[in-house]
1. If you go through the range 210-222 one residue at a time, do you hit one that is on the phi < 0 side of the Ramachandran plot, touching a residue at least 12 places away in the same chain (Cβ under 8 Å) and either outside any loop (DSSP other than H, G, I, E, B) or of a type in the set (V, I, T) (or both)?
2. Of the conditions (1) buried (at least 18 other Cβ atoms within 10 Å of the Cβ); (2) of a type outside the set (G, A, S); (3) in contact with a helix residue (DSSP H, G or I) (Cβ under 6 Å, 6 or more places away or on another chain), Y185 satisfies every one except a single condition; which number is it?
3. Could you identify the single residue in E94, E62 that is more than 30 Å from W390 (Cα to Cα), surrounded by fewer than 23 Cβ atoms within 10 Å (Cβ to Cβ) and acidic (D, E)?
4. Could you count how many residues in the range 119-136 are in contact (Cβ under 8 Å) with a residue 24 or more places away in the chain and either in contact with a Gly (Cβ under 8 Å, 6 or more places away or on another chain) or surrounded by fewer than 17 Cβ atoms within 10 Å (Cβ to Cβ) (or both)?
5. Just name the residue that is surrounded by the fewest Cβ atoms within 10 Å (Cβ to Cβ) out of those in the range 65-91 that are touching a residue at least 12 places away in the same chain (Cβ under 8 Å) and of a type in the set (S, T, Y).
6. Any chance the range 44-64 includes a residue that's outside the structural domain of G165 (by TED's automatic domain parsing) and of a type in the set (D, E, K, R)?
7. So how many residues does the range 248-277 have that are assigned to a loop (DSSP other than H, G, I, E, B) and either within 20 Å of R229 (Cβ to Cβ) or at pLDDT 60 or above (or both)?
8. So in the range 377-407, with the set limited to residues that are assigned to a helix (DSSP H, G or I) and surrounded by fewer than 18 Cβ atoms within 10 Å (Cβ to Cβ), which one is nearest to the chain's Cα centre (by Cα)?
Amino acid sequence: MKLNDAEPVQNGTIACIGAGTGLGQCFLVADTQTGEYTCHPSEGQHGEFGPRGAGSDELKLELLKYLKIKFSNAGNRISTERVVSGTGICNIYEFLAYKHPHDVDEEVHEAHNERPKDAGIIAMNAKPGSLCEKTMKIFADAYGAQCATFALYVQPFGGIYITGGVTKKMRDWLLKEGSFMKAYYDKGRLTPVLNRVPLMIVEGDDMGQRGAHLRAVMLLKQEIREQARRLFDTLDFNHDGLLFVSELEGLFEMAGDKAGKHRLDLARQLLQELDSNRDGHLDFEEFLKGYAKLPTKMISESPFLHREREEQKEPKMDRTQLVSPPDRGNDVDSQAALAKELQKYQSRSRREKIDPFKDANAPVFQTRLYKLLADHDRTKEESWVPRMYWVSNSGGICYHSVTENQALKFLDSEDVPKMYVEQLPDDDKSSCKQHRFRIQPSFREGIPAPATEFAAPTEDILSLWMIELAALQKKAREGSSTSD
């Protein structure tokens, strides 16, 4: 998504910056001959954080002092990453909560204390006038300023691409609120330089996979070039760096009698096809461009391309060395264990990752619950994990995983009509938790999904969950019968 009207310059330097758990920066420079880009790493995010503020506004100076005490024992510096990152959002919030204790929302603060590195809690509660909103404004201002600073360092007239998990999740907020763009263009007399830099937000969340794919393509090109070089050098009998018709004729010797007397004609046709400057011979670059046009079978069966591999082949095993596989896995115990593992897998497969900032996943009812870990002793406190659970706009049940630091879907709206909800008695001495209930998901492919046991912090919250779940199930069943 383009954020300004600047057009990328061909072969211009490209910059990338992305706020996630931390802050990453790199830049790419094009080869003047080939146009191929080489990526150069950067640790610019560890440069000093520079507080900004109009006139006598010293709020961010106070933030700097607070972070210096927290992270460097009142030392001389704080890196930008302490502010511009997911954990930076949490640092800003803690500073504001310390400075304005009377403005703290107790429920939000309690959730933050349970997950002190989860920026999503602050972003989800950035209501007008709240400490969370002030936090996000400071973050957006610092982020925009850092993007501009990096752009001034490397002058990426090929574009600066803003990526990262935090950027993607908070994209709409960053763009609509305005602090980010205002800070980006607040560079005084050098602002005209930024007007020439194309500014873009990367919308994809698969940059790791794309990078791996690009690396694979680059390795493939390198392998093809090396193969072509080996073939070229083998055909170049007089080692003058050029291939003539008589040398290209040797390429068709592997076709044996099939080519026969036509070898010379085939060599001439190949030379005519690949000789781009029509000088009667091929140099390596001309040969490389036409290498892909050679028949695949001719290349794959070429003995001089695979001679080294042939020499490294391991000897074949004799039939007497082969051992039949053991007869295991068919007994009753193994089948039972397999069924149990399959049940666990299907339970895990329900946990689809979601974007909590989408309207469909936004909470209409949300509280903290304790979830009993699978196969754990319910009489022990450590068996119960506190999590934020909510009923979403789409009619599903979602939660936030502390271990994965990710919002997940517990039940889809399609699962709600067939789920079984049971309130458990409080006089049950087999558990250290009271106010408990159990949700049994519907069967999947004939295999029952394991039930999940929860405990509410108070009796009132338990009652609210029973009411919400009953209403949710009723609405889902009515919608299902209508569609049928």
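The values are calculated or read from the model by the stated rules, or taken from the named source; none is laboratory data. Fair warning: this is a prediction, and the values are worked out from it, not measured in the lab. Note: ideal-geometry Cβ built from the backbone for every residue, glycine included; neighbour counts use all protein chains shown.
1. Scanning the range 210-222, I find no residue that is on the phi < 0 side of the Ramachandran plot, touching a residue at least 12 places away in the same chain (Cβ under 8 Å) and either outside any loop (DSSP other than H, G, I, E, B) or of a type in the set (V, I, T) (or both), so the answer is no.
2. Result: Y185 fails condition (1) only.
3. Only one candidate passes the filter, namely E62.
4. Total meeting the criteria: 1.
5. In this case the residue turns out to be Y66.
6. no
7. Going through the range 248-277 one residue at a time, the tally reaches 3.
8. Only one residue tops the list, namely E382.
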